[in-house]
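Student: Sending over a structure as structure tokens; questions will come in a sec.
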């Protein structure tokens, strides 16, 4: 879709909550234009100082991705890969989100951006998550050993099933959100739908 100046524009919109206006974004020749509620702004691509991509599942949507875009002078905005439809439905917008993020990076690179490109969680949060996982694993292992020693077959089955489900759910989150730096040419595929 062409923008007002005739250059091709890329648009993306999502609803962050069930009530409230949609968050609208557009990549134009001048930069990233956004409208969130009653606020609007235009950030030149070279003014964007940091982009952080992450994987942020929630109970209503197990495949939700997030991009935090920051400007040293202008603030921070967030883009989510899902949009609220009804009180019980959060719809994925995987292709549109991916296309928008890839094009944003392409335009930032073309503008000569020196932005810090980060994937995953902050190092301290990631380390805390690993420590917590180690503590849970140790507790589960001790319960499993106790169940084996007393011959509680139902307890053994429950603990093994719970451990498998926990590893599948939390392990994927931790694996995808490993802290990393990336470049404009090599976006982290685990952090894009």
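Student: Return only the number of the condition from (1) farther than 25 Å from residue 178 by Cβ; (2) modelled with pLDDT of 90 or more; (3) under 15 Å from the mean Cα position of the chain (by Cα) that residue 100 does not satisfy.
Tutor: The number of the failed condition is (1).
Student: Oh, and also: Report every pair of residues separated by at least 6 positions or lying on different chains whose Cβ atoms are under 7 Å apart, first residue within region 160-181 and modelled with pLDDT under 85, second surrounded by 14 or more Cβ atoms within 10 Å (Cβ to Cβ) and assigned to a helix (DSSP H, G or I).
Tutor: From region 160-181, the pairs are 170/133.
Residues checked against (1) surrounded by fewer than 13 Cβ atoms within 10 Å (Cβ to Cβ); (2) free of Cβ contacts under 8 Å to residues at least 60 places away in the same chain; (3) part of a helix (DSSP H, G or I):
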| site | (1), (2), (3) |
| --- | --- |
| 83 | no, no, no |
| 96 | no, no, yes |
| 104 | no, no, yes |
| 124 | yes, yes, yes |
| 128 | yes, yes, yes |
| 135 | yes, yes, yes |
| 142 | yes, yes, yes |
| 147 | no, yes, yes |
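Student: Taking region 163-193, which residues are loosely packed, with under 13 Cβ neighbours inside 10 Å and in a helix (DSSP H, G or I)?
Tutor: Scanning region 163-193 gives 164, 165, 168, 169, 171, 175, 189.
Student: Counting only residues that are assigned to a strand (DSSP E or B) and without any contact (Cβ under 8 Å) to a residue 40 or more places away in the chain, how many does region 28-77 have?
Tutor: If we filter region 28-77 for residues that are assigned to a strand (DSSP E or B), which is where we start, we get 32-36, 39-43, 48-55, 58, 61, 65-71, 75-77.
Narrowing further to those that are without any contact (Cβ under 8 Å) to a residue 40 or more places away in the chain: 33, 35, 39-43, 58, 61, 66-71, 75-76.
Residues meeting the conditions: 17.
The values are calculated or read from the model by the stated rules, or taken from the named source; none is laboratory data. Since the model is a prediction, treat every value here as computed from it, not as a measurement. Cβ: placed from backbone, ideal geometry, glycine included. Neighbour counts: every protein chain shown.
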